[in-house]
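Please read the structure below before turning to the comments.
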Amino acid sequence: RGAFTHKNDLVAPIALTLFVWILLMNFMDLIPVDWIPWVAHSLGIEYMKVVPTTDPNATFGMAIAVFVLTIYYSIKIKGVGGFVGELTGMPFETKNPLLKPFFTVINLILEGVNLLAKPVSLSLRLFGNMYAGEMIFILIAVMYSGGWALGLFGGVLQLGWAIFHILIITLQAFIFMTLTIVYLDMAHAEHH
């Protein structure tokens, strides 16, 4: 059946849209590092960030959209009581009425951190990997100014890194898409 075990006609289009969108944004990293800023500078734009996914605002925006959908489906499928019960009822359970409030607070803190860590890790994983890749392209481009020998070596490095980077940008889009499906599947699942 696949990773998503619940019927929802919205999950696949959202996941595919995120995959294609992130892949296209990441592919902008393969445009030579100085072309777009040069065009932007000639149009009067002093600062131009070429790859949108190297800006944490873009990655956090997509991750927050996934987070809101996760909360929405958790409440829609389980109800408010089921969602709150999921946050306060696990991992520590007790039948003792005196300890129950204590464990409820601890569970709420632990599950709250777990819930908030999902969009943060989803966005920072994509941002960090793409930012590091862009920095490597920039460092290799700096080699061109060191003479013809370093320029030739930099050209070979640029080609090698570009080929490797195609795998990285595809993998990052795939990971974001897969985690979106997993988080939405968790929102649909009944916890006992």
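The values are calculated or read from the model by the stated rules, or taken from the named source; none is laboratory data. A quick note: this is a predicted structure, and the numbers were derived from the prediction, not measured. With ideal geometry, Cβ positions are generated from the backbone for all residues, glycine too; neighbour counts draw on all protein chains shown. These area figures cover heavy atoms from the full protein model, side chains too; ligands, DNA and RNA do not enter into them. Shrake-Rupley method; radii C 1.70, N 1.55, O 1.52, S 1.80 Å.
Listing for the model above:
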read-out	value
Subset of the range 6-20 [surrounded by fewer than 17 Cβ atoms within 10 Å (Cβ to Cβ) and under 13 Å from Phe174 (Cβ atoms)]	Leu16, Val20
Long-range neighbours under 7 Å by Cβ, at least six apart or interchain, first residue of a type outside the set (D, E, K, R) within the range 1-25, second at pLDDT below 75 and surrounded by 14 or more Cβ atoms within 10 Å (Cβ to Cβ)	Val11/Phe4
Residue match in the range 74-97 (condition: without any contact (Cβ under 8 Å) to a residue 40 or more places away in the chain, open to solvent by 70 Å² or more (accessible area, probe 1.4 Å) and under 30 Å from Phe127 (Cα atoms))	no
Residue within the range 104-112 that is open to solvent by 30 Å² or more (accessible area, probe 1.4 Å), of a type in the set (Ser, Thr, Tyr) and assigned to a helix (DSSP H, G or I) present	yes
Total residues in the range 146-183, condition within 13 Å of the chain's Cα centre (by Cα) and either modelled with pLDDT under 85 or buried (at least 17 other Cβ atoms within 10 Å of the Cβ) (or both)	9
Exclusive hit being in contact (Cβ under 8 Å) with a residue 24 or more places away in the chain and open to solvent by 70 Å² or more (accessible area, probe 1.4 Å), set Asp29, Asp34	Asp34
Some residue of the range 39-58 being surrounded by 14 or more Cβ atoms within 10 Å (Cβ to Cβ) and over 26 Å from Thr178 (Cα atoms)	yes
The listed residue being in contact (Cβ under 8 Å) with a residue 40 or more places away in the chain, surrounded by 13 or more Cβ atoms within 10 Å (Cβ to Cβ) and not β-branched (Val, Ile, Thr), out of Met143, Met186	Met186
